[in-house]
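To start, the structure itself, in C-alpha cells.
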Amino acid sequence: MEQLVRDAQQLFNVHLTGRQVMALINYERELLDWNRKFNLTAIRDKEAIRTKHFLDSFSCVLAWKANPPQHLVDVGTGAGFPGIPLKILYPNMKLTLVESVGKKAMFCHHIVRVLGLEGGGPAEAQSAETAMKLLGGKLKQLIPVHLPGVADDRYIVVVNKVAATPPQYPRKAGMPAKQPL
C-alpha cells in the first residue's frame, strides 16, 4: 500500500490520508472476498488491484486538476471503478454509480455501506433539520471526528436550543417509529 501512496502522489499529486488508505485497504479486502464468490473483476491480486483499479481511478484527477466536480456519475461502474476510489478521495463529491449487472451493483451497494460513503453525519443532520426546528433546536455545527484505524466518517452534531419544545413532545413509546418527524 505504501507504493500506491507514493505513486498517487508522484503521478497525480494525490495525497492520501491515513483514513483514505484504511478505506482503500477495506475496499481491497472486500473486493478480493466477493471476487471469490462472484466474478466481479478479472483482476484478482492486491498489486494489480492497487495499480489497475485504484491508481487508474486516481488518474481521473488529471481531467480536473485542483477543481474536482461536485457531482459525478460513473456509468458502467462494474465493481465501483473509478467512482468509489474518487469518492474516497473527495468525500463531499455527490456520486452516482450506474451498473446493470446485479452482482456488481449489489457489491457496490455493499462497499458503499461498509466504507460509510453514503454521506454519514452531514446528510443525516440536514435531513433532521425539520425535526430539530419543530423541537426548538437549530443546527450549530458539525465536527468531523477521525479515529485511527476507522475508515468511516464520524461527526459530532451540535444543536443549539433556540425555542421551547411543544407540549406534545416527547411522544409515547412506539410513536416516533410509526410517525417519524
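The values are calculated or read from the model by the stated rules, or taken from the named source; none is laboratory data. Note that the coordinates shown come from a computational prediction; the quantities given were computed from them, not determined experimentally. Counting neighbours? That spans all protein chains shown, and the Cβs are built from the backbone with ideal geometry, glycine included.
Could you grab me the full set of residues in segment 6-62 that are without any contact (Cβ under 8 Å) to a residue 24 or more places away in the chain and either small (Gly, Ala, Ser) or not assigned by TED's automatic domain parsing to the domain that holds GLY83 (or both)?
Answer for segment 6-62, where residues must be without any contact (Cβ under 8 Å) to a residue 24 or more places away in the chain and either small (Gly, Ala, Ser) or not assigned by TED's automatic domain parsing to the domain that holds GLY83 (or both): ALA42, ALA48.
Take segment 69-80 and flag every residue that is surrounded by fewer than 18 Cβ atoms within 10 Å (Cβ to Cβ) and within 16 Å of the chain's Cα centre (by Cα).
To start, the set of residues in segment 69-80 that are surrounded by fewer than 18 Cβ atoms within 10 Å (Cβ to Cβ) comprises 69-71, 73, 75-76.
Answer for segment 69-80, where residues must be surrounded by fewer than 18 Cβ atoms within 10 Å (Cβ to Cβ) and within 16 Å of the chain's Cα centre (by Cα): PRO69, GLN70, HIS71, VAL73.
VAL14 is checked against (1) among the aliphatic types (A, V, I, L, M); (2) assigned to a loop (DSSP other than H, G, I, E, B); (3) over 18 Å from the mean Cα position of the chain (by Cα) and fails just one. What number does that condition carry?
Failing condition for VAL14: (3).
Please verify whether GLY83 is within 17 Å of GLU30 (Cβ to Cβ), touching an Asp or Glu at 6+ places or on another chain (Cβ under 8 Å) and either surrounded by fewer than 20 Cβ atoms within 10 Å (Cβ to Cβ) or modelled with pLDDT of 90 or more (or both), treating the condition exactly as stated. Please lay out each step first, then the result.
Details: within 17 Å of GLU30 (Cβ to Cβ): yes; touching an Asp or Glu at 6+ places or on another chain (Cβ under 8 Å): yes; either surrounded by fewer than 20 Cβ atoms within 10 Å (Cβ to Cβ) or modelled with pLDDT of 90 or more (or both): yes.
When the stated conditions are applied, GLY83 passes them.
Which one is farthest from the chain's Cα centre (by Cα) among residues in segment 126-154 that are of a type outside the set (A, V, I, L, M) and modelled with pLDDT of 80 or more? Before the answer, list the steps.
Filtering segment 126-154 for residues of a type outside the set (A, V, I, L, M) gives 126-127, 129-130, 133, 136-138, 140-141, 144, 146, 148-149, 152-154.
Those still in the list that are modelled with pLDDT of 80 or more too: 133, 136-138, 140.
Working: LYS133: 27, GLY136: 31, GLY137: 27, LYS138: 26, LYS140: 23 Å.
For segment 126-154, the residue satisfying everything is GLY136.
Condition first: among the charged types (D, E, K, R) and in contact with a strand residue (DSSP E or B) (Cβ under 7 Å, 6 or more places away or on another chain). Can you find one or more residues in segment 101-112 that meet it? Steps first, please.
Within segment 101-112, the subset among the charged types (D, E, K, R) is 103-104.
Filter once more, so that each one left must be in contact with a strand residue (DSSP E or B) (Cβ under 7 Å, 6 or more places away or on another chain): none.
No, that holds for no residue.
With the checklist (1) under 25 Å from PRO148 (Cα atoms); (2) under 20 Å from the mean Cα position of the chain (by Cα); (3) of a type outside the set (Ser, Thr, Tyr) in hand, flag the one item GLU2 doesn't pass.
For GLU2, the failing item is (2).
Hey, among ALA66, ALA48, ALA105, ALA42, which residue is of a type in the set (Gly, Ala, Ser) and under 27 Å from PRO144 (Cα atoms)? Walk me through how you get there before you give the answer.
Numbers: ALA48 fails: under 27 Å from PRO144 (Cα atoms); ALA105 fails: under 27 Å from PRO144 (Cα atoms); ALA42 fails: under 27 Å from PRO144 (Cα atoms).
On inspection, the qualifying residue turns out to be ALA66.
Checking LYS46 against (1) among the basic types (Lys, Arg); (2) surrounded by 14 or more Cβ atoms within 10 Å (Cβ to Cβ); (3) farther than 26 Å from ARG6 by Cβ, which test does it fail?
For LYS46, the exception is condition (3).
If you go through segment 52-68 one residue at a time, do you hit one that is surrounded by 11 or more Cβ atoms within 10 Å (Cβ to Cβ), more than 15 Å from the chain's Cα centre (by Cα) and over 23 Å from ASP7 (Cβ atoms)? Working first, answer last.
Applying the first criterion (surrounded by 11 or more Cβ atoms within 10 Å (Cβ to Cβ)) to segment 52-68 yields 52-61, 64, 68.
Going one step further and asking which of them are more than 15 Å from the chain's Cα centre (by Cα), we end up with 52-61, 64, 68.
Going one step further and asking which of them are over 23 Å from ASP7 (Cβ atoms), we end up with none.
No, segment 52-68 has no match at all.
Yes/no matrix, rows are residues, columns are (1) surrounded by 11 or more Cβ atoms within 10 Å (Cβ to Cβ); (2) over 30 Å from THR17 (Cβ atoms); (3) modelled with pLDDT under 80; (4) not hydroxyl-bearing (Ser, Thr, Tyr):
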{"position": "GLY116", "(1), (2), (3), (4)": "yes, no, no, yes"}
{"position": "GLU124", "(1), (2), (3), (4)": "yes, no, yes, yes"}
{"position": "ILE156", "(1), (2), (3), (4)": "no, no, yes, yes"}
{"position": "LYS178", "(1), (2), (3), (4)": "no, yes, no, yes"}
